[in-house]
Structures are given as structure tokens and as C-alpha cells.
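Peer 1: Pasting a structure below so you can have a look.
Coordinate-derived values only; no laboratory data. Because the structure is predicted, anything quoted here is derived from the model rather than measured. No Cβ is skipped: glycine too gets one built from the backbone with ideal geometry, and neighbour counts run over all protein chains shown.
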Amino acid sequence: MKFGIIRERKNPPDRRVVFSPEKLKELKEKFPEAAIAVESSDIRVFSDQAYKNAGLEVTNEVADCDVLLGVKEVPVDALIPNKKYFYFSHTIKKQPYNRKLLKAMLERNIEMYDHETIVKESGARLIGFGRYAGLVGAYNGFRALGLREGIFTLPKVETLADLDEVKAELDKITLPNIKILLTGTGKVAYGAKEILDHLNIKQVSDALYLTADFSEPVYCMADVMEYNKRKDGKVGEKYAFYNDPSGYESNFMPYAKVTDFFIAGHFYGDGAPYLFTREDAKQPEFKIKYVADVSCDIDGPVASTIRPSTIADPIYGYDPQTESEIDFKDEKAITVMAVDNLPCELPKDASEGFGEMFLEHVIPAFYNNDKDGILERAKMTTNDGKLTERYAYLQDYVDGKE
């Protein structure tokens, strides 16, 4: 089995990679029968020389590899027929802009394994960049707060070498007495929590958060059953909500009335209630001034997120009364940070963390007859040009009927 680490070809350039040189070296030690080639790249966060120094083959030709590993979508004209590919294809939600990509993979008899489809039997994701999205998103939110209030200036994450430098910058700031709400309990939310805890912000319960005043910054981590409630008044159940959220409505306004800074680290499922609407944001009691929307669903559950922002220009203002964009420092604005590719700002740490998960959960499946069903569950397309049963729901999307 020969694995190829492919060059990222999507624009804007992405400096992340599935495996760092050190992790590939570890892969070779654990699975000596594995052959590895690294496609040469001048944008990758780890240089070609770093891979060569680790004793790895660096080449301009990966057509002899069986399995090709990347991060972002592979341009259609760069797809090599009859290979196994792993990357984020952004097709499993029938994203219109990538229909041609999925169609091309089927036409070229490619076996596609999307990083998002690498899951446990329960459906829980096994690998991803979620932690780093949370880390960078929370930091960027504090950066926006400091710039708006003129109380401190944090450098952009992309100018810092790694997570240690990010945390060192946070050590230099002093926060005002604010209340921070963090939604979610997954990898994204825990990445954001890591930043809050590094700043020594006190975590408090929902009950205290909603009713008490504090003389120091505090935060509350709210799960889905805290900010949603059943319409019939009965006690809600988390997994019942995930299966069918239609009987629920938002219970977010009690939080919005006491929150200064909202970090959206939750997963939003189809059909779930919006956390707050544009009408909610117009209410006099709506208190949120800063939003770090790590989830970044546009025109969705967080009404102030009207567009994604960029690493180059990460902050904008939302005027609740006019429902339009304004300067983020305007006193009428909700200051919004909604960068949709946050882990790109921390490519070294993100790549190292991703490779660690990939080596633990995915590579062994190639050598243990896929005993845990990792590859079977993840496979979207077959080498004879068909969708697998698990992803057959995408056929209408492929055919252009949706």
C-alpha cells in the first residue's frame, strides 16, 4: 500500500496537510510495510526539506500511489482516475458548488473517503480540525472586542508561529467585566473553552449565569437542551432533539438578555430552531455586543452572521435595526467575527493534531482488515463509478435534480 500526501491546489492556498514529517515518520515505524510519497509543495507549512530530513520521498509525481491524502477539495482536472482519495469534498450536504467534483470522481472510478464521513458506529466524528477552529475563533473574538473598545490590541493568529505564541499574546491582556456564553459541547466548543480557561475566566452554571451579577469576567457553556425547549412544555431530551427537532423552539433569549460576548461553537442540524432571529436582535433587552461565530452558518441560526468574513478582513458590524452591515466599531453594531476557515490560521498545530487523529483511527484500518468498519462507513463512492449504499441519497444531487 503506497500513500501519497498531495499538494493543496485550491485557492485561496491552504497551508495545512494531513501529516507532519514527524507523524509520517511515526507511521513508517508503526507500519513498516507502508510506502509513502510526499508531493512537492511550496505553500505547505512544513517544507519539502523537512520531509526529506525525516527520510521521506518528496516527488512531483504521485500517480503510482494507491491512496491520496489531502485537506481541501481537489480540482477536477487534477483528479487521478482509479485511486482512493481522502479530503474534505464538501459534497455530503449536496453543496451545489461541488456537484461537478462528485460527478467527476464517479466518472473516474475514484473511491472517495471524505474526512467528514470518518465516524464511529454512533456517527460521532473521529477526525477533524474542530479544536483549532474553536481555539482561533475564540481568540479572534477577543481580538475584535479589544479593537472595538480600544482596550488592547492582539496580533492576528496568522502572524504567530503556533498555539504557544497565541496563548502568550493572551497573557498580555486584561478583560473587562463581561459575561460570555459558549454554545456547544463538541471539539469546536472545547477548543474555544481552552482559550477561556487559559485566560482564567471563571466558569459558572446556567442558573448562576442567568440570574447573578459578577465582579469579574465569567462564562457559561450551554448545551443544546439549555437553549432549546419543547413547545409542549415537557422536558426535552438531547438525542430525541437530534433525531427530530421539529417539536422544539429556541430558548436563547434568556441568555441574550445577560450576555455581552457570544461564542457560537455548536453544531446546527437541519430543521433545528434558530438561536436568535433578526427580530430577536431588534429587542431592547437583547444585550449581545460581540459574536464569534465559529459555526458560521450564513443567514441561519445566528442572525447577525449575514456573510462569512475572511482571514484578511475578519470582523464586520451588524446593525440589528436595519439588518445590514455597518462598521464594527459603530455603537449600534453587533461586532461579528465569522471566518469560515479558521484552522488555516494555525496550520502547524492544526496539521499536527489532524495527523495524530488520522494515524490513530484511519491508518490501522488498512492493515487490520477494517475490523471496526471505519473505511466501510467512510466510503462514499466505489471504484466502478457508483455511490455506496450509505451515500445513495446523493444520486439526485449527482444527476442535477437537486
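Peer 1: Where does the charge balance sit around E29 when Lys and Arg score +1, Asp and Glu -1, over other residues with C-beta under 13 Å from its C-beta?
Peer 2: +1
Peer 1: Mean residue ellipticity at 222 nm from the helices of the chain, using -39,500 (n - 2.57) per DSSP H segment of n ≥ 4 over the full residue count, to the nearest 500 deg cm²/dmol?
Peer 2: Estimated from H runs of four or more residues: -7500 deg cm²/dmol.
Peer 1: Which FRET efficiency value, to the nearest 0.05, do you get for K238 and R307 by plugging their Cβ-Cβ distance into 1/(1 + (r/R0)^6) with R0 = 22 Å?
Peer 2: 0.10
Peer 1: What order, most packed first, do the peptides 50-59, 363-372, 295-304 have when packing is the mean number of other Cβ atoms within 10 Å of each residue?
Peer 2: Result, highest mean first: 295-304, 50-59, 363-372.
Peer 1: Through the Karplus equation 6.51 cos²θ - 1.76 cosθ + 1.60, θ set to phi - 60°, convert the phi angles of the stretch 233-247 into ³J(HN,Hα) values in whole Hz; use x for Gly and Pro.
Peer 2: Result, ordered by residue: x, 6, 5, x, 10, 3, 6, 5, 4, 4, 6, 8, x, 5, x Hz.
Peer 1: Using a cut-off of 15 Å between beta-carbons, work out the net charge of the residues near Q49 (Lys and Arg +1, Asp and Glu -1, Q49 not included).
Peer 2: Once positives and negatives cancel, what remains is -2.
Peer 1: Provide the net charge surrounding A333, with neighbours chosen by a C-beta distance below 13 Å and charges set as Lys +1, Arg +1, Asp -1, Glu -1.
Peer 2: That works out to -3.
Peer 1: Okay, next question. Step through the table entries K10/K332; K25/K120; K28/K379; K10/K187, compare each Cα-Cα distance with 32 Å, and write down the pairs that go over it.
Peer 2: K10/K332
Peer 1: Still on this structure: In the chain, what percentage of the DSSP-assigned beta bridges are antiparallel, given to the nearest 5?
Peer 2: Around 25 percent antiparallel, to the nearest 5.
Peer 1: Aspartates and glutamates near K167 by alpha-carbon distance under 12 Å, same-chain residues fewer than 8 away left out - which ones?
Peer 2: Answer for K167, where 12 Å is the Cα cut-off: E194, D197, listed by chain and number.
Peer 1: Still on this structure, please answer the following. Using alpha carbons only, how many degrees (0 to 90, rounded to 10) separate the axis of helix 187-198 from the longest principal axis of the chain?
Peer 2: The angle comes out near 60 degrees.
Peer 1: Still on this structure: Return one number: the angle in degrees, 0 to 90 and rounded to the nearest 10, between the long axis of the Cα atoms of helix 21-30 and the longest principal axis of the Cα atoms of the chain.
Peer 2: Value to nearest ten degrees: 60.
Peer 1: Here's something else I'd like to know. For the chain, what D do you get in µm² per second when you plug the Kirkwood radius from alpha-carbon pairs into Stokes-Einstein at 4 °C and 1.567 mPa s?
Peer 2: D = 57 µm²/s.
Peer 1: Between T159 and D330, what is 0.36 nm times their sequence separation minus the Cα-Cα distance? Round to one decimal in nm.
Peer 2: 58.9 nm
Peer 1: Which log10 I(q)/I(0) values does the stretch 213-261 give at q = 0.15 Å⁻¹ under the Debye formula, counting every alpha carbon as one identical point scatterer?
Peer 2: For the stretch 213-261 at q = 0.15 Å⁻¹, log10 I(q)/I(0) is -0.48.
Peer 1: If you don't mind, another one. How big is the C-alpha Rg of the stretch 130-345 next to the rule-of-thumb value 2.2 N^0.38 Å, as a ratio?
Peer 2: 0.96
Peer 1: What's the ranking of 312-320, 1-9, 236-244 by average number of surrounding C-beta atoms within 10 Å, highest first?
Peer 2: Descending packing order for the listed peptides: 1-9, 312-320, 236-244.
Peer 1: Which distance in Å, rounded to a whole number, links the C-alpha centroids of the stretch 233-263 and the stretch 42-111?
Peer 2: With the stretch 233-263 and the stretch 42-111 each reduced to a Cα centre, they are spaced 39 Å.
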